[in-house]
Amino acid sequence: MAITQILCMVLKRIAPMLNASLNWASATGILLALWSIPSAALGVFQIFFILQRRADTSLQVILNTIFLLFQSLGRLIVMPLCGGILFFQGWRLDPLLQFGVSLLVFLVIIESFSGILVDYQKWRARAGGVAANTAVKH
């Protein structure tokens, strides 16, 4: 059997089990899953910058790196998982709970946006400092 035939058979079995409709919870789930992509990527860059910037291996730097690693894994795994659950199973929620979950997701996005903005400004300041140091050396 070809792989495409096997995939078609599996999709025929799974497709009736998926039930998604467009409501507040589904739209919020899509938004949360899409927001997790840049959020996780910036978390990985943040870990990279911390490890490259610090030459010392003090306890504070190690604990900060471990915290950022767990935070980035949460952004990479948990946020898309929650978005998928909201998209596929959000129709089961009553309207008041859909509103509450949507409000909670919007607040998470706003809170993480401020952190992403601060990280971006710090990165731009570091990039500008590197360019200024190389210009002075010539």
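When 51, 96, 68, 42 are screened for being open to solvent by 80 Å² or more (accessible area, probe 1.4 Å) and within 26 Å of residue 123 (Cα to Cα), only 51 passes.
Listed here are the residues, each with its yes/no results for (1) surrounded by 11 or more Cβ atoms within 10 Å (Cβ to Cβ); (2) at pLDDT below 85; (3) out of contact with any Gly (no Cβ under 9 Å at 6 or more places or on another chain); (4) not in a helix (DSSP H, G or I).
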{"position": "78", "(1), (2), (3), (4)": "yes, no, yes, no"}
{"position": "81", "(1), (2), (3), (4)": "yes, no, yes, no"}
{"position": "85", "(1), (2), (3), (4)": "yes, no, no, no"}
{"position": "101", "(1), (2), (3), (4)": "yes, no, no, no"}
{"position": "106", "(1), (2), (3), (4)": "yes, no, yes, no"}
{"position": "118", "(1), (2), (3), (4)": "no, yes, yes, no"}
{"position": "128", "(1), (2), (3), (4)": "no, yes, yes, no"}
{"position": "134", "(1), (2), (3), (4)": "no, yes, yes, no"}
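The set of residues from region 56-70 being closer than 11 Å to residue 43 by Cα and at pLDDT below 85 comprises 65, 68. Within region 87-101, residues that are under 10 Å from residue 23 (Cβ atoms) have Cβ atoms under 6 Å from residues that are open to solvent by 80 Å² or more (accessible area, probe 1.4 Å) in these pairs: 98/24, counting only partners at least 6 apart in sequence or on another chain.
The values are calculated or read from the model by the stated rules, or taken from the named source; none is laboratory data. It should be emphasised that the depicted structure is a prediction, and the values quoted were computed from it without experimental measurement. Glycine also receives a Cβ, built like all others from the backbone with ideal geometry; neighbour counts cover every protein chain displayed. All accessible areas refer to the heavy atoms of the entire protein, side chains included, with ligands and DNA or RNA removed. Shrake-Rupley method; radii C 1.70, N 1.55, O 1.52, S 1.80 Å.
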